[in-house]
Amino acid sequence: MPAVGKTGVAQRMLAELVGTAMLVTAIVGSGIAAQRLSQDPGARLFANSAATALGLSVLIMVFGPVSGAHLNPVVSVVDWVRGRRADTGLSAVELVGYLNAQIVGGVAGAVVANVMFGMPAVQQASEIRSAAGLFVGEMVATAGLILVVSAPLCSRRFGTAAVVVGAYIGAAQWFTSSTSFANPAVTIARSLSDTYTGIAAGSVPGFILAQFVGAAIGLGLVTVFERGG
């Protein structure tokens, strides 16, 4: 989703920071609530995926007109790569600003979620997620995300993007083995909450690497489809 040129750089960075913080708060907070309300794994995943999908859709609607509502480093990197070819999208300086804002926002969101539920502000997650199948799941989830956000209707209309991207992420939480993190900033943030949605720090690099590999695959497919058109 493209950044909005008429919006000031500072406003765009703030939008990415606040938007990513709210996204992580929705993910981690709903995970904590689901963990406390149910012992059933399916019910927990349903609650978490529903809150994530709906929350993401709303955030895209709210922040899309301001910053493009990337809320995700891989989306920003792909936007920058595609922009270099067409002389559009983020500049290198804006890309660095987006990445920093997303990571800081994600950490802030995890802290807020922890504090809301009466836990220490920062925790060390203990859930190890390092199986090869999980990494494949992250590649699939992220490649699909890049295909979705790069689709013509999503890249031109924030209303359509809000519905489609939210629906895809909600579905991917069910059909991927990793439950579709598909976001390096969110992955880092989730390592700071030792709860249902947590990921051990040692598993974070593998997830992030898989996400960028998936993004490269998604970008390659987008390029092929665009040339074919």
*Please verify whether the stretch 37-50 includes one or more residues that are in contact (Cβ under 8 Å) with a residue 40 or more places away in the chain, surrounded by fewer than 16 Cβ atoms within 10 Å (Cβ to Cβ) and farther than 20 Å from LEU153 by Cα.*
yes
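Listed here are the residues, each with its yes/no results for (1) in a helix (DSSP H, G or I); (2) among the polar types (S, T, N, Q); (3) open to solvent by 40 Å² or more (accessible area, probe 1.4 Å).
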{"residue": "ILE146", "(1), (2), (3)": "yes, no, no"}
{"residue": "ALA172", "(1), (2), (3)": "yes, no, no"}
{"residue": "SER180", "(1), (2), (3)": "no, yes, no"}
{"residue": "SER193", "(1), (2), (3)": "no, yes, no"}
{"residue": "PHE207", "(1), (2), (3)": "yes, no, no"}
{"residue": "GLY214", "(1), (2), (3)": "yes, no, no"}
{"residue": "THR223", "(1), (2), (3)": "yes, yes, no"}
*Count of residues meeting criterion [part of a loop (DSSP other than H, G, I, E, B) and under 18 Å from ASP194 (Cβ atoms)] in the stretch 22-38*: 0
*Tell me which of these PHE225 doesn't satisfy, since it passes every other one: (1) more than 19 Å from LEU45 (Cα to Cα); (2) touching a residue at least 40 places away in the same chain (Cβ under 8 Å).*
(2)
*How about the stretch 51-84: which of its residues are more than 15 Å from ALA182 (Cβ to Cβ), of a type outside the set (Phe, Trp, Tyr) and either open to solvent by 30 Å² or more (accessible area, probe 1.4 Å) or touching a strand residue (DSSP E or B) at 6+ places or on another chain (Cβ under 6 Å) (or both)?*
ALA51, LEU54, VAL58, MET61, VAL62, PRO65, VAL66, VAL81, ARG82, ARG84
*Scanning for something farther than 17 Å from LEU59 by Cα, β-branched (Val, Ile, Thr) and modelled with pLDDT of 95 or more, does the stretch 144-159 turn up at least one residue?*
yes
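The values are calculated or read from the model by the stated rules, or taken from the named source; none is laboratory data. Every value quoted in this text rests on a predicted model; they were computed, and no experiment measured them. For neighbour counting, all protein chains shown are included, and Cβ atoms are generated from backbone atoms with ideal geometry for every residue, glycine included. Quick note on the areas: whole protein, heavy atoms, side chains included, nothing else; ligands and nucleic acids left out. Shrake-Rupley method; radii C 1.70, N 1.55, O 1.52, S 1.80 Å.
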